[in-house]
1. For R42 and E77 in the same chain, what is the full-extension length gain: residue separation times 0.36 nm, less their Cα-Cα distance, in nm?
2. Give the Rg/Rh ratio for the chain, taking Rg as the radius of gyration of the Cα atoms and Rh as the Kirkwood radius, to two decimals.
3. Using a ≥ b ≥ c from the Cα gyration tensor of region 116-158 (square roots of the eigenvalues), is it rounded, prolate or oblate, where a/c under 1.5 gives rounded and otherwise the larger of a/b and b/c decides, a/b for prolate?
4. Suppose R0 equals 30 Å. What FRET efficiency, 1/(1 + (r/R0)^6) with r the Cβ-Cβ distance, do D5 and S64 give to the nearest 0.05?
5. Please list the radius of gyration and Dmax for region 131-192, considering alpha-carbon atoms only, with Å as the unit.
6. Please find, in a Gaussian network model of the chain (springs between Cα atoms separated by less than 10 Å), the residue of D83, D121, D176 whose mean-square fluctuation is greatest.
7. Using only Cα atoms, what is the ratio of the radius of gyration of region 62-115 to 2.2 N^0.38 Å?
8. DSSP loop (so not H, G, I, E, B), at most 16 other Cβ within 10 Å: list which trypsin sites (Lys or Arg not before Pro) in region 115-160 pass both filters.
Amino acid sequence: MSPDDLKKLAAARALELVRPGMRLGLGTGSTAKHFVDLLGARVAEGLEVLCVATSEATQAQAESLNIPMSTLDATPELDLTVDGADEVDPVLRLIKGGGAALLREKIVAAASKRMVVIADDSKLVAELGRFPLPIEVVPFGIEATRRAVAAAITACGAAGELSLRKRPDGSTLLTDGGHYILDARLGCIAKPELLAKALNAVPGVVEHGLFLGLASCAILASGDGLKVLGTIE
Ligand code: 5RP
């Protein structure tokens, strides 16, 4: 099976968790895109759900499939969010934000009773940090914020290069919220909770891609089938 087939397999298993009338959070990225496609097909068959998107890209995809959409203002409590991840560790701590949607993804996940992660099993890691940690920052004072972020990382006993995320054309990437992203290449994050707290305390940091205590389940697809971490129902 190709990596894309594996993503679709995980998405299809997550779709089985959806019940009529549910309020759903829709994730961002190539795996979440499969889930939205599959959900759209069920909606076309008559399934009634109400959804909130975690990015403009997912919003556009869902609207194109005629999935009923809402906002967190109108629908502030969700039953289930299904989203991808860049890394998942054995106790369901995540790195997210490879697709630059971490801020809305975290707000939506936190507003949901349950967050289920879907991924191919290459995302499962013993320790977080090989994937660069995305840190969303306001453009104002970026150099001062970058230095403060670097100091916070050092104070947590970690180290690594920080780079401002660019678009393929070389311009600085702007998130849906109009912010920049600093990617921290740390190699390993020995103390994710400590680092999360330190980053949250830096003025100018809007959010970071450490998702701790948010996911209740991860559905990981491999050539051997599905592996479930946590509680699926
Ligand atoms: C977007 C994300 C994505 O969920 C993450 O990057 C995984 O993406 P993919 O399913 O394409 O591997 O966090 O901000």
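Read-outs throughout are calculated quantities, based only on the coordinates presented, and are distinct from any laboratory measurement. This one's a predicted model, so the numbers in the text were calculated from it and none came from an experiment. Here Cβ is always computed from backbone atoms with ideal geometry, including for glycine, and neighbour counts include all displayed protein chains.
1. Gain in length upon complete extension: 10.4 nm.
2. 0.97
3. Values: a/c = 4.11, a/b = 1.86, b/c = 2.21.
Here region 116-158 falls in the oblate category.
4. 0.85
5. 11.9, 35
6. D176
7. Working: Rg = 12.5 Å, N = 54, 2.2 N^0.38 = 10.0 Å.
For region 62-115, the normalised Cα radius of gyration is 1.25.
8. Qualifying residues, ordered by number: R130.
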